[in-house]
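First the structure, in the form of structure tokens, and then the observations on it.
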Amino acid sequence: MIKLNFNKKLEGADGDIDLNISETVDKKSFLAIFGESGSGKSTILNIIAGVSKPDYGEIIVDDQIWFSSEKMINLPPQKRDIGYLFQDYALFPNMSVEENLFYALGKGDKREVENILKITDLINLRYKKPDNLSGGQKQRVALARAIVRKPKILLLDEPLSALDLEMRQKLQNELILIHQKFGITTILVSHDISEIYKLATNIFQISKGKIVKKGTVSNFFGVSDSNNQMKFSGEIVEILKNSCLVLVGHDILKVSVKNIANIKVGDLIMISTKREFEICGF
Amino acid sequence: MLENQFLETMIVTFKLAGVTTFILLFIGVSLGYYLAFTENRIKPFFEAIISMPLVLPPSVLGFYLLMVFTPNSWFGNLLKESFDTQLVFSFEGLVVASIIFSLPFMVQPIQNGFSSLPKNMILASYTLGKGKLETLFKVMIPNIKASILTATVITFAHTIGEFGVVLMIGGNIEGETRVASIAIYDEVESLNYDLANQYALTLFIISFIILLTVYILNRRFLKGQF
């Protein structure tokens, strides 16, 4: 269990915001933090990683204090037992794929590198340098490197946003597989709703430094009724007179809405229907 | 006799450049690292001091170093009394003066190299449990090899080409402080054009070869062939 309870003043483009978090994250869960840019999402990851320091509060992971302003404790990133996946991969260009993993592993069991290379399908690329890899391959190496030490928490900062759709889907499947296999508590920062829906078990929605909505994925999207035939998750992109336009994946759906006052642009919604559909062509 | 004198002067020249560069390499990596990552407010002050030799006439620096090193000064006296050395008109003095004079040529490329490293690369190493020293030697330095090579070679070449400071501090003592750049001046003064040309041509060719090597190696570094 991870207890997050901290405050930090952030300088934003539209003035200062107060990042104010008081939440717990269950062990082995896959939490997604969602929100507009500049809302403090990435700062939360940095604070957990020990790269950024809260003004006050505490962070407790499995009864171990990582940060406490009261007790004057602030473990450096080296002692926090985390894996961090950056958007720009942050691989070490001077080392080959397997050397990146060996460096991360340190004194651990060398067979672990072999194991992770197999799971992430990197055996054939093991002697290549990062500069000779594609974006998707680089992020797979970064993922392998982040999990080779079996960290307590895996932090993912928009890890797939620089990749094309096909590669993104492939890596999403890999993240699911790894989460199931190793059960590492994972925290993902993302603004891609379909990605969150696919990967996460729990969601925090954050706005201007505060968590405004949270829940399990099905709770969050407002639907847990299994009678529904079809479900789509999407984001409201425009509100019309008695309907709204919803972005679902890469398509726009027009949905009629009874009470237009309850929704606003940017809301995440779940659309469901009880009617059956037929596929009329490919 | 003339041949011996030429060789001796060239040896002093390269010994001075070699010793200066070797010592500066350690100073350059430490100072470059500090300046690239410090958030201390007096950083611009340090940077300005280190860059002074780039803009000052060498004679200004030479003059002040002479004032400090002379046995009549407090510092010079201390050295003489405690260690029985003197830095004026000695090889050791030339090394100290060259280190100060060539400092920006070593520090600046290394500092730029450290600054250009992606921040997340360093953070990634820290989050993998690696300390600052291990990160420095296994991640940061290997990835700024090109900057370190450039800094080393430019410093070496620049020290060979020094004139003003060397003349003020070292004088022109054969086999001790007489370096090639001074020898050229000296031989021209004595209308010894052939010998002056021998020195000049040697410096010209060596400097060219050194710089050519740097640019060829740098191209390979950028292509990732190392």
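All of the numbers you see were taken from the coordinates with simple rules; none came from a lab. Just so it is clear, the structure is predicted and the values come from calculations on it, not from any experiment. Note that each Cβ is placed from the backbone with ideal geometry, even for glycine, and that neighbours are counted across all protein chains shown.
Our coupling estimate for region A:156-168, obtained by passing each phi through the Karplus curve with A = 6.51, B = -1.76, C = 1.60 and θ = phi - 60°, is 10, 9, 6, x, 10, 5, 8, 9, 6, 4, 4, 5, 4 Hz, Gly and Pro reported as x. Helical content of the protein assembly as shown, expressed as a calculated mean residue ellipticity at 222 nm, amounts to -15000 deg cm²/dmol (DSSP H runs of 4 or more residues, -39,500 (n - 2.57) each, divided by residue number, nearest 500).
Listed values for region A:239-246 are Karplus-derived 3J(HN,Hα) couplings in whole Hz (6.51 cos²θ - 1.76 cosθ + 1.60, θ = phi - 60°), namely 10, 9, 5, 10, 8, 9, 9, 10, and x replaces Gly and Pro.
Counting neighbouring Cβ atoms within 10 Å and putting the fewest first, the residues B:Phe83, B:Phe221, A:Phe221 line up as B:Phe83, B:Phe221, A:Phe221. Note on B:Phe26/B:Leu136: beta-carbon distance plugged into 1/(1 + (r/R0)^6) with R0 of 22 Å gives a FRET efficiency of 0.95.
To the nearest whole number, what is the average tally of beta carbon atoms from other chains within 10 Å of the beta carbons of peptide B:128-141?
Taking the mean over all residues of the peptide, I get 4.
Spin-label model, B:Tyr185/A:Ile176: points 7 Å from Cα along the beta carbon direction are separated by 7.7 nm. With R₀ set to 60 Å, the beta-carbon distance separating A:Lys107 from B:Leu201 gives a calculated FRET efficiency near 0.60. Taking a point 7 Å out from the Cα of A:Lys198 in the direction of its Cβ, the residues of region A:129-172 whose backbone N falls within less than 13 Å of it are A:159-172. Checking the Cα-Cα distances for A:Lys71/B:Lys138; A:Lys138/B:Lys145; A:Lys152/A:Lys213 against a 29 Å cut-off, the pairs over it are A:Lys71/B:Lys138. Under Stokes-Einstein, with the Kirkwood radius over Cα pairs standing in for Rh, what whole-number D in µm²/s applies to the protein assembly as shown at 4 °C and 1.567 mPa s? D = 47 µm²/s. Pairs of Cα atoms nearer than 8 Å and 6+ residues apart set the relative contact order; for region A:104-179 it is 34 percent. Ranked by the mean number of other Cβ atoms within 10 Å per residue, highest first, peptides A:151-157, B:199-205 order as A:151-157, B:199-205.
Take each residue in A:93-100, count the other chain C-beta atoms within 10 Å of its C-beta, and the mean is 3. Each peptide among A:37-46, A:81-90 gets the average number of other Cβ atoms lying within 10 Å of its residues, and from highest to lowest they stand as A:81-90, A:37-46.
Region B:186-210 and region A:181-200 have their alpha-carbon centroids 70 Å apart.
Summing +1 for each Lys or Arg and -1 for each Asp or Glu among the other residues whose beta-carbon sits under 15 angstrom from that of A:Lys152 gives +3. Centre-to-centre, using Cα atoms only, region A:1-25 and region B:76-136 are separated by 40 Å. Rg and Dmax over the alpha-carbon atoms of region B:24-137 stand at 18.2, 56 Å.
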